[in-house]
Amino acid sequence: MEFEQTHLVIGNLQIRYYGIIVVVALLAGAYVASWLAARSGRDSDHIWGGLTWAIIPGIIGARLWFILFPPISLVAGCGIEGEVCQNTAWFLENFFDRESGAIAIWTGGLGIFGGMIGATLGVYLYLSHWHNRIIGLFTTILTPLLWALQLLNWLVDKAVGVLRGKDVPSFRYQRPASAFPDGGMPLSPWLDIAAVSIPLGQAIGRIANYVNQELYGTPTNLPWGIQIPRDARVAPYESLIDYPIDTLFHPIWAYEAIWSLIAFYVLWRIYHQYRDRLLSGDILLLYIAQYSFVRFLLEFLRVEIAVIGDTGINSSQTITLIGFLVSVCLLIYRHRSTPNAADVEAERGEGAQPAATQD
């Protein structure tokens, strides 16, 4: 067993600390969400089910976002003879390159915005009327395996029945039945729960950026600045003459982690104390507004930014500006007049159960 800076080596197996931290972040956020769901009178198993459906679309979306909006360090050489250019076209042309191609997610390169969009799509499919259709499709594909497993279970029961002198009914394949409602379930109440727990996962997950020596900002003289090794720096900060090894950089990962912890606490309090005054989806909009606000500001300090094509426009600031304006405008529009209790209850989609009895 050998410990490296970014991974643990056991024989030929490499276990990256980045992956471990991300998994811990996911589990922590899901645990909080399941606790909130149970306290709200909902089936907390749907949190874990939704997470399962969100993982693969989330990873695909995160990688796709990185490919569409690669950081400036990868596209800096585009148009310069002899320089490496890893823009969107290069990723698509080298899709199956296992070292740094589009499928090489193990080498890094995931965009949080694409991950959120993909994960939301997965949760939507889980909660919507598509749930039973998708499960039915997979059940049909896996029918031979399910048939074999049921037959094996029947043979065991038959053998035990013979030994005990009991009759066992003849074998009959039973297609798995789904207890999930055919019409699906409302999406926004579950997204409100997710909006409370996601900041906790983000706070933990940002530690992984520190392990990888990434997500840092411009040089600073502040006492909490961090040193970044030369091989982890991007232009123009690789020069040890202009930026000696003891140069300190803004720890963007820490700023976002601290902000996320504060956001988690505030949204937690809002969910428990004020959600009876809010409409379903309001807490999600609050989450989008607060994260868009801080991310927009942090992008001014960040050195490894991503731009939209050849425009030079920061893609993260563009999407966060849109997210902030849309979420704030929706909040204002939805509360342009004071809704009565019946309207709030109907919008929240929580049936006839009084909000005061859900904690």
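Tell me, please, whether a residue that is out of contact with any Gly (no Cβ under 7 Å at 6 or more places or on another chain), under 30 Å from A33 (Cβ atoms) and among the hydrophobic types (A, V, I, L, M, F, W, C) can be found in the stretch 74-91.
So far as the stretch 74-91 goes, no, none of its residues is out of contact with any Gly (no Cβ under 7 Å at 6 or more places or on another chain), under 30 Å from A33 (Cβ atoms) and among the hydrophobic types (A, V, I, L, M, F, W, C).
Filter the stretch 246-305 for residues that are over 16 Å from L321 (Cα atoms), among the aromatic types (F, W, Y) and either in contact with a helix residue (DSSP H, G or I) (Cβ under 9 Å, 6 or more places away or on another chain) or open to solvent by 40 Å² or more (accessible area, probe 1.4 Å) (or both) and give the result.
W253, Y255, W259, F264, Y265, W268, Y271, Y274
Being of a type outside the set (A, V, I, L, M, F, W, C) and either closer than 21 Å to F113 by Cα or not in a helix (DSSP H, G or I) (or both) narrows it down to one residue among K166, K158; which is it?
None of the others qualify; the one that does is K166.
Would you say L146 is crowded, with 18+ Cβ neighbours inside 10 Å, touching a residue at least 12 places away in the same chain (Cβ under 8 Å) and closer than 29 Å to S44 by Cα?
No.
With respect to V196, is the statement that it is modelled with pLDDT under 90 and among the β-branched types (V, I, T) true?
For V196, the condition - modelled with pLDDT under 90 and among the β-branched types (V, I, T) - is not met.
Do we find a residue being assigned to a helix (DSSP H, G or I), surrounded by 14 or more Cβ atoms within 10 Å (Cβ to Cβ) and in contact with a Ser or Thr (Cβ under 8 Å, 6 or more places away or on another chain) anywhere in the stretch 228-245?
no
Which of the residues belonging to the stretch 63-106 are assigned to a helix (DSSP H, G or I) and open to solvent by 80 Å² or more (accessible area, probe 1.4 Å)?
Scanning the stretch 63-106 gives L64, L68, L92, E93, W106.
Taking the options V211, V160, name whichever one is without any contact (Cβ under 8 Å) to a residue 40 or more places away in the chain, of a type in the set (V, I, T) and surrounded by fewer than 20 Cβ atoms within 10 Å (Cβ to Cβ).
V160
Pick from Q290, Q273: which is at pLDDT 95 or above and of a type in the set (S, T, N, Q)?
Q290
Any residue in the stretch 293-308 that's more than 16 Å from F66 (Cα to Cα): show its pairings with residues that are open to solvent by 50 Å² or more (accessible area, probe 1.4 Å) and of a type in the set (A, V, I, L, M, F, W, C) at Cβ separation under 7 Å, as long as the two are six or more apart or on different chains.
F293/F324; V294/W259; F296/L321; F296/F324
In the stretch 171-198, how many residues are of a type in the set (D, E) and in a loop (DSSP other than H, G, I, E, B)?
1
Looking for whichever is part of a helix (DSSP H, G or I), within 30 Å of I283 (Cβ to Cβ), out of contact with any strand residue (DSSP E or B) (no Cβ under 8 Å at 6 or more places or on another chain) and in contact (Cβ under 8 Å) with a residue 24 or more places away in the chain here; the options are I134, I117. Which one fits?
I117
For the stretch 163-175, name all the residues that are surrounded by fewer than 10 Cβ atoms within 10 Å (Cβ to Cβ), hydrophobic (A, V, I, L, M, F, W, C) and under 46 Å from the mean Cα position of the chain (by Cα).
Correct list: empty.
Is the stretch 141-149 home to any residue that is modelled with pLDDT of 85 or more, within 30 Å of A38 (Cα to Cα), assigned to a helix (DSSP H, G or I) and hydroxyl-bearing (S, T, Y)?
There is no residue in the stretch 141-149 that is modelled with pLDDT of 85 or more, within 30 Å of A38 (Cα to Cα), assigned to a helix (DSSP H, G or I) and hydroxyl-bearing (S, T, Y).
Restricting attention to the stretch 1-33, and to residues there that are part of a loop (DSSP other than H, G, I, E, B) and open to solvent by 80 Å² or more (accessible area, probe 1.4 Å), which single residue is modelled with the lowest pLDDT?
Here the residue is M1.
The values are calculated or read from the model by the stated rules, or taken from the named source; none is laboratory data. This one's a predicted model, so the numbers in the text were calculated from it and none came from an experiment. Here Cβ is always computed from backbone atoms with ideal geometry, including for glycine, and neighbour counts include all displayed protein chains. Protein only, heavy atoms only, side chains kept; ligands, DNA and RNA dropped before computing areas. Shrake-Rupley method; radii C 1.70, N 1.55, O 1.52, S 1.80 Å.
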